[in-house]
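Each remark here refers to the structure printed beneath this line.
The values are calculated or read from the model by the stated rules, or taken from the named source; none is laboratory data. Keep in mind it's a predicted model, so treat the numbers as computed, not measured. Here the Cβ positions follow ideal geometry from the backbone for every residue, glycine too, while neighbour counts run over all protein chains shown. Heavy atoms of the whole protein, side chains included, go into the accessibility calculation; ligands, DNA and RNA do not. Shrake-Rupley method; radii C 1.70, N 1.55, O 1.52, S 1.80 Å.
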There are 2 protein chains.
Amino acid sequence: MNKAYEVVIVGGGPAGLSAGIYTARARLSSLLIEKGLIGGQVVNAELVENFPGFPEGISGYDLTELMHRQATKFGLETLTAEVTGVELNGEQKIVKTNEGDLVAKAMIIASGSEWTKLGIPGEKEFTGKGVSYCAICDGAFFTDQTVAVVGGGNAAITEALSLTKFASRVMVIHRRQELRATRIVQEKAFAEPKVEFLWNTVVEEIEGEEVVKRLRLRNVITGEKSSLGVAGIFVAIGFKPNTDYLKSILPLDATGHVITNEKMETEIPGIFAAGDIRSSSIRQVIGAVGDGATAAIYAERFITK
Amino acid sequence: MNKAYEVVIVGGGPAGLSAGIYTARARLSSLLIEKGLIGGQVVNAELVENFPGFPEGISGYDLTELMHRQATKFGLETLTAEVTGVELNGEQKIVKTNEGDLVAKAMIIASGSEWTKLGIPGEKEFTGKGVSYCAICDGAFFTDQTVAVVGGGNAAITEALSLTKFASRVMVIHRRQELRATRIVQEKAFAEPKVEFLWNTVVEEIEGEEVVKRLRLRNVITGEKSSLGVAGIFVAIGFKPNTDYLKSILPLDATGHVITNEKMETEIPGIFAAGDIRSSSIRQVIGAVGDGATAAIYAERFITK
């Protein structure tokens with residue numbers, strides 16, 4: 001027999017935890033399913049400075065641990081399992097996992113979206129210690145220092161421009177000879193004296209001690225190798241939403257993210273989405289947490305109506 | 001000469017403070033204007049249990065004080081003044097206040113929306129001590145107790161139904177003989193044994209000691225007076241957004257709230273809105289704070305594009 005809940009939440013990052021705080025506190029029987037560790041991507045952040053309420057900052061690990069404790073206190077259950085698919089049976093949602101199937105009246109999809117990694121030595125080791133995927137989050141930590149941005153699309157060049165407010169020098173490292181970013185963004189970057197470009201170049205290794213110190217580079221045309229001293233490297237080469245298990249039932253946008261309205265409703269009544277997995281997420285903890293609360297409130301209204 | 005800022009934020013509640021944390025940290029010159037005390041309506045909440053990150057709860061005063069300290073640390077300026085109007089001069093926004101005019105490239109409107117008060121003795125004194133305007137926020141504090149809900153619209157009856165999850169008895173006090181709520185909500189309430197109705201009745205006074213103990217009632221047809229013992233009273237008779245100063249430039253919805261899209265953009269480029277003043281706000285601190293961050297991020301993109 002399938003175990004039944006009023007709300008099943010998929011994903012244990014800030015969006016899912018916030019949703020769980022709200023649904024559990026509203027006395028809806030609630031289960032959160034997470035395949036790995038509770039906390040999501042932000043557990044790698046050594047210091048989150050911009051989550052309102054923590055003027056001295058807080059580590060991503062500590063912040064999500066507090067949220068988990070809060071949700072558990074209100075009665076949220078947690079299951080370690082991987083969701084493999086979702087099926088609809090009338091109004092019921094059948095959540096298929098490697099630990100068995102579950103039944104839910106409402107689902108909140110909060111399984112996140114990972115930044116695409118470079119996949120090179122040093123990247124994982126120095127994540128949160130100079131390697132970042134988010135200038136809004138971490139740019140302020142690199143005041144008057146040299147940083148690199150890897151990528152050539154709108155996201156990368158916008159990040160580079162935003163970093164000029166902090167860094168003394170922003171090196172854009174791109175594996176091609178030209179940018180994919182829109183012309184107006186390109187022109188702005190070319191006009192900005194702090195931004196410099198290393199064309200046809202890839203990063204082969206990130207080196208440092210406690211924190212990032214330098215990058216090992218290779219020119220893909222000439223094969224020439226070089227070294228670049230930086231305090232930080234921002235990787236902006238795309239992202240991969242964790243939506244494989246949804247493909248058969250939910251329409252996704254071109255990048256695989258879930259489309260919602262401002263009530264976090266998807267096209268299927270009773271299925272909501274929250275956080276980075278959403279098409280228009282601001283990719284900030286506070287945004288994810290707001291999304292999670294919103295999804296929970298509308299899930300409660302859906303169930304009780 | 002008018003003082004110029006990149007971003008002017010109107011309103012010092014959670015939405016405005018969160019916006020200020022984000023714009024100031026992004027090194028945009030930022031001014032927050034608040035006519036009263038920093039913190040907004042939530043300063044009256046003795047315990048906010050559902051703001052993610054505070055498993056033991058936190059008072060509304062302390063929470064917004066932390067946010068203010070955080071924003072100030074990043075360089076947000078604060079001005080105590082009343083905004084009396086907004087004018088457009090090309091791309092510039094002229095913010096008119098009783099302390100002089102200011103010029104902004106972008107504005108974030110976060111001046112809130114107040115719950116309509118009953119305006120009776122005891123209401124102000126016991127706010128946060130049994131008098132509440134939000135069942136999602138405070139319902140959980142009244143487990144197995146008797147509470148009253150004042151009002152007859154959808155908001156009131158939805159609150160009453162939501163309170164049945166906690167309270168042992170929910171008395172709906174309505175000054176008319178019938179509800180304004182939609183039929184399906186009415187039917188649900190009539191079918192719920194915990195919900196009882198006091199028709200043609202108004203609350204004349206809220207009494208208590210440390211916390212609310214009883215209500216003094218009057219039947220508006222017979223004039224008969226009575227007393228009702230309750231631990232809490234939820235007032236749901238509407239709300240008044242603080243948007244008078246915007247009427248001439250921004251289209252508002254039927255209740256006077258500001259219409260935005262999910263990027264918090266209003267109809268006027270460079271003017272954003274966040275928090276309870278928005279047409280579709282969830283009226284929760286965490287939602288307001290998420291809105292504020294979103295508005296700030298899109299305001300930065302607007303300014304730098």
**Q.** Test for B:Ser226: is it in contact with a strand residue (DSSP E or B) (Cβ under 7 Å, 6 or more places away or on another chain) and at the interface with chain A (Cβ under 10 Å from one of its Cβ atoms)
**A.** no
Q.
Out of the strands (runs of 3 or more DSSP E) lying entirely within segment A:196-283, which hold 1 or more residues that are closer than 27 Å to A:Gln186 by Cα and basic (Lys, Arg)?
A. A:212-219, A:225-229, A:239-241
Q) From A:Phe141, A:Phe74, which residue is farther than 25 Å from A:Leu37 by Cα and in contact (Cβ under 8 Å) with a residue 40 or more places away in the chain? A) A:Phe141
(Q) Name the residue that is least open to solvent (accessible area, probe 1.4 Å), counting only residues in segment A:24-70 that are acidic (Asp, Glu) and modelled with pLDDT of 95 or more. (A) A:Glu34
(Q) I'd like the full set of residues that are in contact with a Lys or Arg (Cβ under 7 Å, 6 or more places away or on another chain), in contact (Cβ under 8 Å) with a residue 60 or more places away in the chain and on the phi < 0 side of the Ramachandran plot, limited to segment A:236-277. (A) A:His257, A:Val258, A:Ile271, A:Asp276
**Q.** Hey, A:Gly232 on the phi > 0 side of the Ramachandran plot and in contact (Cβ under 8 Å) with a residue 40 or more places away in the chain or not
**A.** no
Q: Could you grab me the full set of residues in segment A:255-305 that are open to solvent by less than 10 Å² (accessible area, probe 1.4 Å) and β-branched (Val, Ile, Thr)?
A: A:Val258, A:Ile271, A:Ile277, A:Ile286, A:Val289, A:Ile297
Q: Select from segment A:160-172 the residues that are under 14 Å from A:Phe190 (Cα atoms) and surrounded by 24 or more Cβ atoms within 10 Å (Cβ to Cβ) and write down the one among them that is nearest to the other protein chains (Cβ to nearest Cβ).
A: A:Ala160
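Return the only residue of B:Asp138, B:Asp144 being open to solvent by 30 Å² or more (accessible area, probe 1.4 Å), touching a strand residue (DSSP E or B) at 6+ places or on another chain (Cβ under 9 Å) and within 14 Å of chain A (Cβ to nearest Cβ).
Checking each option against the conditions leaves just B:Asp138.
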(Q) Just to be sure I understand, how many residues within segment B:78-95 are open to solvent by 80 Å² or more (accessible area, probe 1.4 Å) and either within 23 Å of the chain's Cα centre (by Cα) or of a type in the set (Ser, Thr, Tyr) (or both)? (A) 3
Q: Please give the number of the condition A:Val285 fails out of (1) of a type outside the set (D, E, K, R); (2) within 14 Å of another protein chain (Cβ to nearest Cβ); (3) under 21 Å from A:Ala104 (Cα atoms).
A: (3)
Q | Set B:Arg175, B:Arg183: member being more than 14 Å from chain A (Cβ to nearest Cβ) and over 14 Å from A:Thr304 (Cβ atoms) | A | B:Arg175
(Q) Which numbered condition in (1) crowded, with 16+ Cβ neighbours inside 10 Å; (2) more than 26 Å from A:Ile21 (Cβ to Cβ); (3) in contact with a strand residue (DSSP E or B) (Cβ under 6 Å, 6 or more places away or on another chain); (4) modelled with pLDDT of 95 or more is the only one that A:Ser111 fails? (A) (2)
Q | Condition broken by B:Ala181, with the remaining ones in (1) at pLDDT 95 or above; (2) in a loop (DSSP other than H, G, I, E, B); (3) surrounded by 15 or more Cβ atoms within 10 Å (Cβ to Cβ) satisfied | A | (1)
Q | Residue satisfying condition, being touching a strand residue (DSSP E or B) at 6+ places or on another chain (Cβ under 9 Å), of a type in the set (D, E, K, R), surrounded by fewer than 19 Cβ atoms within 10 Å (Cβ to Cβ) and at pLDDT 95 or above, within set A:Glu209, A:Glu204 | A | A:Glu204
Q.
Checking A:Phe239 against (1) under 19 Å from A:Val7 (Cβ atoms); (2) open to solvent by 20 Å² or more (accessible area, probe 1.4 Å), only one condition comes out false. Which one?
A. (1)
Q | Residue within segment A:201-212 that is free of Cβ contacts under 8 Å to residues at least 12 places away in the same chain and β-branched (Val, Ile, Thr) present | A | no
